[in-house]
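The values are calculated or read from the model by the stated rules, or taken from the named source; none is laboratory data. Fair warning: this is a prediction, and the values are worked out from it, not measured in the lab. No Cβ is skipped: glycine too gets one built from the backbone with ideal geometry, and neighbour counts run over all protein chains shown.
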Amino acid sequence: MSILRTSHHRAIAAGLAGLAIASVLAGCSATSSASPAADGKSVTLYTADGLNDGDSSFYKTVFKDFKAETGITVNVVEAGSGEVVQRAAKEQANTQADVLVTLPPFIQQADQDGLLTKYTPKGSEHVADDNKAADGTYTTMVDNVIGFIRNSKEVPDAPTTWKDLLDAEYKGKLQYSTPGVAGDGTAMLLLAQEALGKQGVDDYMEQLQQNNVGPSDSTGALAAKVDKGELLVANGDVQMNLAQQESMPNLGIFFLDGKDGKPTTMSVPYVAGLVKDAPHAANAKKLLDYLYSEKVQEETTTVAGGLPARDDVEPTGEKADTMAKLLDGVTVLRPDWDGVLKDLDGTVDRWNKATGSL
């Protein structure tokens with residue numbers, strides 16, 4: 001039985017219905033910004049990349065306002081989805097992180113490993129039950145979907161099928177982020193499995209390896225390579241790629257067909273949780289409350305280019321219109337992430353075997 005359910009993610013469906021849509025990291029070094037305040041008025045955020053790109057990024061905008069309002073400085077440590085969880089796990093004896101933001105199934109992994117503690121941010125009562133943990137340890141913060149990117153100058157006509165990516169023109173010019181390490185790479189593998197079947201995806205990944213440049217711990221690092229033409233095609237993250245298009249004019253976003261022959265993607269939200277034994281727990285709770293405020297949830301679209309997790313906040317503005325147009329006619333798959341996590345090791349092991357990565 002499939003671990004995926006074909007549907008519109010509730011936050012996507014609710015947020016975009018008013019816009020008339022027909023259908024809808026282990027190896028790299030973490031980077032940090034800001035410095036903890038000497039007087040203890042600080043909070044440390046460990047986060048998957050994607051919300052911190054550029055001077056006008058979501059994090060820079062929101063955290064500047066948060067500091068002005070509370071006096072609390074947010075220290076951002078940014079890396080791939082899996083790496084931030086692994087880093088937090090290694091530091092359990094001397095916890096450094098206060099808040100964790102990462103993609104599924106890594107947030108579920110963090111919860112399973114006891115890295116999170118229960119906290120219900122103000123405003124999160126407006127987040128649908130299936131977008132947060134039953135035990136209250138994590139809550140979807142920004143809704144988002146995966147996709148693919150191409151150099152629109154060199155590849156004017158976007159590929160439409162998974163088979164298209166096996167074309168010889170992409171040899172040494174294609175790369176995707178590593179499943180089991182990067183959240184978007186993991187989701188891409190699951191999406192391919194849904195389209196091609198379990199055995200089919202193993203055979204496919206073996207063939208795709210002929211074109212693949214090699215492993216990448218971070219999806220965010222691929223966009224610049226595609227824009228410059230070093231790569232022609234890569235996997236992507238729609239919210240992040242829309243933000244990157246402002247400085248990368250050759251970045252084109254596209255989706256591949258699912259098993260029904262229709263463009264298909266997968267919901268992969270940014271999810272936040274309070275870290276167990278957080279050294280600045282009071283400040284962390286204030287930050288989480290702020291992130292789920294109406295003002296910030298509106299900025300998940302107007303600034304970040306994603307979609308609000310709160311179902312009472314409707315995405316509006318130019319970026320909302322862009323997202324609506326991009327997802328028009330695209331089927332969104334919503335995984336059962338707990339089910340994904342149970343089979344994740346086996347799924348990644350099969351990928352490793354198929355690609356010769358073992």
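Where in region 176-245 are the helices (runs of 4 or more DSSP H), entirely inside, with at least 3 residues that are within 19 Å of the chain's Cα centre (by Cα)?
On the way: elements: 183-196, 198-208, 222-228, 238-244.
Because the criterion is at least 3 residues that are within 19 Å of the chain's Cα centre (by Cα), the helices (runs of 4 or more DSSP H) in region 176-245 that meet it are 183-196, 222-228, 238-244.
Here L196 passes the criteria (1) over 25 Å from F58 (Cα atoms); (2) at pLDDT below 95 except the one numbered (2). Take the conditions (1) surrounded by 21 or more Cβ atoms within 10 Å (Cβ to Cβ); (2) closer than 21 Å to F58 by Cβ; H126 misses just one of them, which is (1).
Go through (1) over 13 Å from W337 (Cα atoms); (2) crowded, with 24+ Cβ neighbours inside 10 Å; (3) touching a Pro at 6+ places or on another chain (Cβ under 7 Å) one by one and return the number of the condition T140 breaks. For T140, the exception is condition (1).
Checking each residue in region 183-204 for being more than 29 Å from V84 (Cβ to Cβ) and either of a type outside the set (D, E, K, R) or touching a His at 6+ places or on another chain (Cβ under 9 Å) (or both) picks out L196, G197, Q199, G200, Y204.
Looking at region 102-116, can you tell me whether even one residue there is charged (D, E, K, R) and modelled with pLDDT under 95?
Taking region 102-116 first, the residues charged (D, E, K, R) are 111, 113.
When the remaining residues are screened for being modelled with pLDDT under 95, the result is none.
Among the residues of region 102-116, not one is charged (D, E, K, R) and modelled with pLDDT under 95, which makes the answer no.
Inspect region 227-248 for any residue being acidic (D, E), over 30 Å from L116 (Cα atoms), buried (at least 21 other Cβ atoms within 10 Å of the Cβ) and out of contact with any helix residue (DSSP H, G or I) (no Cβ under 6 Å at 6 or more places or on another chain) and give the result as yes or no. Checked region 227-248: at least one residue is acidic (D, E), over 30 Å from L116 (Cα atoms), buried (at least 21 other Cβ atoms within 10 Å of the Cβ) and out of contact with any helix residue (DSSP H, G or I) (no Cβ under 6 Å at 6 or more places or on another chain). Do we have D277 as surrounded by fewer than 17 Cβ atoms within 10 Å (Cβ to Cβ) and under 27 Å from A134 (Cβ atoms) here? Criteria met by D277.
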